[in-house]
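Reviewing the structure listed below.
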Amino acid sequence: MIVFKEMKKIDFDNTIPPEKENQWTAFLNGEPDIQDNPLLDSKEKAEFKAAWETCGTGFSYTAANPDKAWGDLQKKISKPNNALIYKTFSSRVFQYAATILIVLGIGFAAYQIIQTSSKQSTIPVQLMVAKTEAHPLNLSIITLPDGSTVKMNADTRIEYPEKFAADLRKVKLSGEAFFEVKRDTARPFIIETANASVEVLGTSFNVSAYPHAELVEVNVKTGKVKLTRISTSISGSKSAILPAGQRGWINLAAGEIGHANALSPNYCSWITKEIIFQHTPLSEAFDVLENTYHVKISMKNPEIGAIPYTANFADSNLDNIIEVIARTHHLKVKRVGGEIIFARFVN
């Protein structure tokens, strides 16, 4: 803490001896030959460092600007001798303080410039979140900042920025959605899931990536898609290029990635309510119905799941489909709460 003493008139001879100025400049610059010079007594050095610390910073040779400090000080002491000044530690402290204030001023200005630049370059981006109910009554459709559209299946969550970056469009998906992406060759479109990423430029495709599912699956309607598994702990192919009309998947348990030259026949049945079964095991058929109508279907007798089933349904209600399956294969069906249970007749 600076203690102000009695205000009095100080007599200067209007000049700082050149040899003394050179010695202090060398000291400020940290020149080794001057550190032990007897002309700079230890008391003066101690006072200089004390004044420096009083201004709120540690003493540093490299932080000082001796030439400017001495020049400014010479101008001040060339004024008439009748000026009144405050005396702190000693009259010598004013010489030290001149240097310190200049350095601190330059440092503060630089800090403000850096802070302003940092604030301009780190403006936070607003994160938008869309989420559907587990059993939605209506199809949810959102429009992304670039004009791309997303249809969202039940229990699906998508995160995206309020405004896409200049070189990249990225969203995060949990669940299932059908994307129609606006083409923009300068800004790839990337969908990140917990276990995979899907990269496109402009196309339409379906991504199924529910948190507890065994597969991450992509069906490409138009354009071209790159499917990549995120985990690198398993050897083998890490990605697959999927052109229009192909299906790709990642087996999460095995870490394997694969593709087929045909779309899954019911990949968008949850949107169109059009369902095709061609010698489809009933266990798989029930999976399609669950995903399309958001119900729980179980089998009291496990062997029911292996029965092949062939039928086409277009915009049929669920009750009608369940009745047709049960009648075709002579199965009993009942509802318990929200669950549909298939069982064999007992003779």
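Quick note: the coordinates plus some simple rules give every number you see, no bench work behind them. All figures in this text were calculated on a predicted structure; none of them were measured in a lab. All Cβ positions, even for glycine, are placed from backbone atoms using ideal geometry, and neighbour counts span all protein chains on display.
Structure notes:
- Whether region 127-260 is rounded, prolate or oblate, judged on the alpha carbon gyration tensor where a/c under 1.5 counts as rounded: oblate
- Here the Karplus curve 6.51 cos²θ - 1.76 cosθ + 1.60, taken at θ = phi - 60°, turns the phi angles of region 169-178 into couplings of 10, 10, 10, 10, 10, 9, x, 9, 8, 10 Hz, with x standing for Gly and Pro.
- Using the average count of surrounding beta-carbon atoms within 10 Å as a protection proxy, the listed peptides 322-330, 217-225 rank, highest first, as 217-225, 322-330.
- For region 255-264, 3J(HN,Hα) computed residue by residue from phi via the Karplus equation (6.51, -1.76, 1.60; θ = phi - 60°) reads x, 8, 10, x, 8, 9, 7, 8, 6, 5 Hz, glycine and proline entered as x.
- Across the alpha-carbon atoms of region 269-344, the computed radius of gyration and Dmax are 11.4, 32 angstrom.
- Residues whose amide H falls under 5 Å from that of residue 256, counting only those 5 or more places apart or on a different chain, are 251, with hydrogens built in the peptide plane.
- For region 306-314, Karplus couplings with θ = phi - 60° (6.51, -1.76, 1.60), whole Hz, Gly/Pro x: 8, 5, x, 9, 10, 5, 10, 10, 10
- Amide H to amide H distances under 5 Å link residue 128 with 160, 162, where only residues 5 or more positions off or on other chains count and H is placed in the peptide plane.
- Distant-in-sequence amide H partners of residue 242 (H built 1.01 Å from N, under 5 Å): 225, 226, 227
- At most 15 other Cβ within 10 Å, DSSP loop - GluC sites (Glu not before Pro), region 156-200: 162
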